[in-house]
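No lab work stands behind these numbers, since they all come straight from the coordinates. Quantities reported herein were computed from a predicted structural model and do not represent experimental measurements. Neighbour counts run over all protein chains shown; Cβ positions are idealised from the backbone, glycine included.
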Amino acid sequence: MKKSVAFAAVVADYVQHLRERNLAPTTLDGQEYLAHRFLGYLEERGIADIRAVTRETLWEYATALIERPGSPRTKLQKLLLVRHLFRFLHRHGRILTDPAAILPALKVPVGLPRAVMTREEAELLLAQPDLRSPLGFRDRTMLETFYSTGIRSAELRALTIYDLDLGEGVLRINRGKGRKDRIVPLGKVAGKFLAEYVRRVRRWLARPNGETALFLTYGGTPVTAKLVNQAIGRYVKQSRIATRATTHTFRHTCATEMLRGGSSIRYVQELLGHADISTTQVYTRLLPLDLVQAHKKAHPRERQRKTDVPAPPAEEGTSFFHQTAKRSRKKRRQRRQREEPAGGTAAEV
């Protein structure tokens, strides 16, 4: 349903208010979407003026929302949108009273992530990109970066060549969630893949247009969320792992492995860029050097002995890494043979 001019103005003003608070673009998009959905609900009930919304209207909305099937977290996010929207309108004189004030204080619960890969699944997924091609090497580098640093998809896509410090072994996240800057350690494996990618692969992908994005497409433009998601989905399917992994699964898995390796929750909070006080009792900002040491001690990719990275393609048209690919296929074939039950077909992992 097409929104009225009045409702469209309400959404535009509210989103601009959030933008002035320096919220991330993904947060702005999500809030705008939820606001349009709520105002669409009002229009379906013949309410065309935000000032006509009453407490009874909001109770009916909350009741209908709770009774619907769906994620409790999503329902809470929708109710929080209502509270914040009417609080904004009341404080800016758009309405005389705040009908949402009667709604109870709400907080989105922080639970354990369901999608966490095992180490075996992570290793198998990381082995899927074809290192004989520039795009395959780029994809492997992105996966290693996700796994080692736990950064968000939007943070990886926003990286530029100037955010990478190979000498110190760190990435600078300048556009993190909430627009908070932080420095994260790369780790040995991700660092070596990034070094080779920048030195040889990115140079091949780049076009003479001055693009500074770290990860590029075949056409020399920054990778998109769709491209990254499709690539991971393809590799998950190829690997046949049980976990339906996404970019955020790498983030959850990185945090889980760090904690399992003995890292303090405060180090993990700093690594992931969490600012929600409910996740920890005390938030202590640590020096980047301390974070690097914690990463080296706890992350599984730091503790493995062999960290050699195969050379990426040097130029277009070359036959890339035949021996590497052959060894990789042999290892996967041997793994499937070991897992194959007697008299049956190979079991899926």
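How much net charge surrounds Thr145 when only other residues with a Cβ under 12 Å from its Cβ are counted (Lys, Arg +1; Asp, Glu -1)?
On the way: positive: Arg138, Arg140, Arg152, Arg157, Lys192, Arg251, Arg301; negative: Asp139, Glu144, Glu155, Asp163.
Overall, the nearby charge balance is +3.
If you take every residue apart from Phe88 with its C-beta less than 12 Å away from the C-beta of Phe88, what net charge results, scoring Lys and Arg +1 and Asp and Glu -1? If you can, show how the numbers build up before the last one.
Working: positive: Arg21, Arg83, Arg87, Arg91, Arg94; negative: Asp13, Glu20, Asp98.
Combined, the nearby Lys, Arg, Asp and Glu give +2.
Whole angstrom only: what separates the Cα centroid of region 28-52 from the Cα centroid of region 183-224?
The two parts, judged by their Cα centres, are 42 Å apart.
Let me test this: with uniform point scatterers at the alpha carbons of region 172-265, what is the Debye-based log₁₀ I(q)/I(0) at q = 0.11, 0.14, 0.20, 0.23 1/Å?
Debye intensities relative to I(0), on a log10 scale: -0.46, -0.75, -1.38, -1.42.
Ratio of alpha-carbon Rg to the 2.2 N^0.38 Å globular estimate for region 5-102, to two decimals, please. Don't skip to the answer; put the middle values down first.
On the way: Rg = 13.0 Å, N = 98, 2.2 N^0.38 = 12.6 Å.
Here the answer is 1.03, to two decimals.
List the aspartates and glutamates whose Cα lies under 12 Å from the Cα of Lys75, skipping any in the same chain that are fewer than 8 positions away.
Correct list for Lys75: Glu67.
Mind scanning Lys78/Lys180; Lys192/Lys331; Lys78/Lys188 and naming the pairs with a C-alpha gap bigger than 31 Å? Kindly include the intermediate steps, with their values, before the conclusion.
On the way: Lys78/Lys180 25 Å; Lys192/Lys331 22 Å; Lys78/Lys188 42 Å.
Where the Cα-Cα span goes over 31 Å, the pairs concerned are Lys78/Lys188.
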